[in-house]
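See below for the structure under consideration.
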Amino acid sequence: MQSVGNYLAEDSCFIKHQQSQNVVTGNESQLDNVQERGVKPGIHSVTEKSVIETQTQNPSQPGLDSEKGIFAQPPTVQDSDESSNTDEDDKDDFPEGGLKGWSVVVGSFCGSFSVFGIINSTAILLQYFEEHQLKDYSPGQIGWIFGFALFLTFFCGAPIGPIFDAYGPRALIASGSVLLIASMFLLGLCTQYWHFFIVYSVLNGIGGCLINTPCIASIGHYFLRKRGNATGIAMTSGSIGGIIFPLMLQRLFPMVGFAWATRILGFILVFLLGMANLLVRSRLPRKKIVSLKKVSPDLTVFKDLPFLFVTLGIFLMEWGIFVPLTYITTYVTSHGQSANFGFQILAIMNAGSFFGRFFAGLVADMIGRMNTLICSIAMCVIACFALWLPAGNSTPMIIVFSVIFGFVSGSNLSLSPVCVGQLCKTEHYGRYFATCWMFVAFGTLTGLPIAGQILTAMDGDYTGLIIFAGISYIAALACLIAARVLAVGWKIRTIY
């Protein structure tokens with residue numbers, strides 16, 4: 001099976017030229033694998049489609065048995081997929097590394113470190129705002145600040161893709177760098193609610209999207225066979241940032257105050273984003289923006305029931321995943337732990353996420369992407385109800401929960417877009433991705449405010465908030481299982 005790697009939701013709309021990696025050798029065994037997976041007649045997987053097209057165009061090609069009837073049959077779904085006709089040529093053109101290729105990976109690492117290191121430090125900022133500048137506001141109201149930033153990061157990703165294809169990454173990353181750095185330098189000056197909304201939610205959200213999307217897309221210009229590995233290396237930066245930034249802010253807040261702590265963070269972003277601007281480059285020819293139709297949301301794709309259930313499942317998963325990531329710090333401090341431990345527990349959770357993202361790609365290659373995502377969400381349900389809910393004031397229970405939840409939730413965002421890609425042909429992926437994340441973005445927008453409102457309604461008791469996260473995961477699990485059954489049936493051993 002083709003290596004999947006550790007894709008995140010924000011990088012996945014640029015997974016291109018995947019169809020023909022395994023056509024030259026072993027076609028008969030690959031076709032047998034397709035049949036064993038239970039793919040329904042008339043719905044061709046990427047590998048099967050490539051094999052059929054190759055045999056049609058090159059009937060005398062060695063390694064293809066023309067006496068096998070299935071190779072002689074035309075596909076039941078007719079498509080004019082130009083990319084599949086040129087994949088073999090494109091494959092030969094990819095450097096698969098080299099100085100320029102790995103320089104782009106380093107630049108993408110720096111860019112993603114800046115964006116998702118801050119996002120994964122949300123719990124620290126939330127706690128500080130609740131205790132200082134925004135202490136007169138409810139957790140639900142403060143949650144809108146972080147929810148809207150996440151919403152912009154996810155919602156604006158799809159339309160930036162065609163701009164990257166047409167003009168390259170430089171202007172996008174430069175513009176995003178200005179917005180993200182300005183957000184950090186201005187954050188220390190904010191005193192009113194609307195200040196935080198504009199400076200953090202708008203500037204940080206749009207700036208992060210402008211940086212992350214071209215960083216990940218550029219990796220695809222230099223890697224094909226090793227794309228999963230290269231993208232995975234770049235994407236682990238978010239977890240590393242989620243370890244370093246909380247521990248750094250833990251020391252800086254009492255030493256220099258909030259304003260200078262965020263300015264120091266801003267200077268770190270200047271260095272990281274400077275590296276991203278210098279190193280991230282595109283390689284493939286520019287594509288004019290003729291039409292945005294292929295990457296624009298299309299509600300008609302919801303007629304495809306597996307896609308509908310996958311989208312709903314990812315939406316509910318967004319409700320579940322960001323609750324522990326955002327409220328774990330305030331939870332431990334409200335249960336008698338020190339503020340320092342609150343900073344450290346978030347770093348522990350992000351450390352678990354680092355290893356979870358890495359191993360998720362390896363497991364997905366063996367048992368299937370959707371199967372891996374379903375298993376990881378089931379483990380998240382167990383972590384929430386068996387570890388977090390009864391934890392109370394127990395420090396060991398909180399640490400165990402943070403490690404396990406961080407590990408099993410690491411694949412939630414990385415495998416979601418890849419699962420969407422399994423439901424459509426490559427040339428339709430931009431449209432499916434845009435439609436899915438247009439809907440899913442509203443999950444990131446509403447999840448944290450809902451959780452905060454539950455916390456307020458229960459007078460600071462976290463029981464309702466934990467149950468909300470767990471039920472969201474249960475509902476997401478049910479939707480993804482339904483999608484898998486509709487796609488490949490009930491066979492547990494089917495790799496999907």
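The values are calculated or read from the model by the stated rules, or taken from the named source; none is laboratory data. Everything numeric here is computed off the predicted structure, so don't read it as measured data. Glycine gets a Cβ as well: all are built from the backbone with ideal geometry, and neighbour counts include every protein chain shown. We work out accessible area using only protein heavy atoms, side chains counted, and drop any ligands, DNA or RNA first. Shrake-Rupley method; radii C 1.70, N 1.55, O 1.52, S 1.80 Å.
When a/c reaches 1.5 or more, the comparison of a/b and b/c decides; with that in mind, is the range 181-269 rounded, prolate or oblate per its Cα gyration tensor? In terms of gyration-tensor shape, oblate. When nucleic acids and ligands are ignored and a 1.4 Å probe is applied, Cys190 ends up with an accessible area of around 10 Å². As a calculated quantity, the FRET efficiency between Leu299 and Thr395 at R0 = 51 Å, using C-beta atoms, amounts to about 0.60. The heavy atoms of Lys100 offer some 150 square angstrom of accessible surface to a 1.4 angstrom probe.
The figure for Asp459 is an accessible area of roughly 140 square angstrom, using a 1.4 Å probe on the protein chains alone.
With the cut-off at 1.5 for a/c, could you classify the range 429-496 from its C-alpha gyration tensor as rounded, prolate or oblate? It is oblate, given that a/c is not under 1.5 and a/b is not larger than b/c. The calculated FRET efficiency for the pair Ala259 and Ala478, based on their C-beta separation and a Förster distance of 41 Å, comes to about 0.35.
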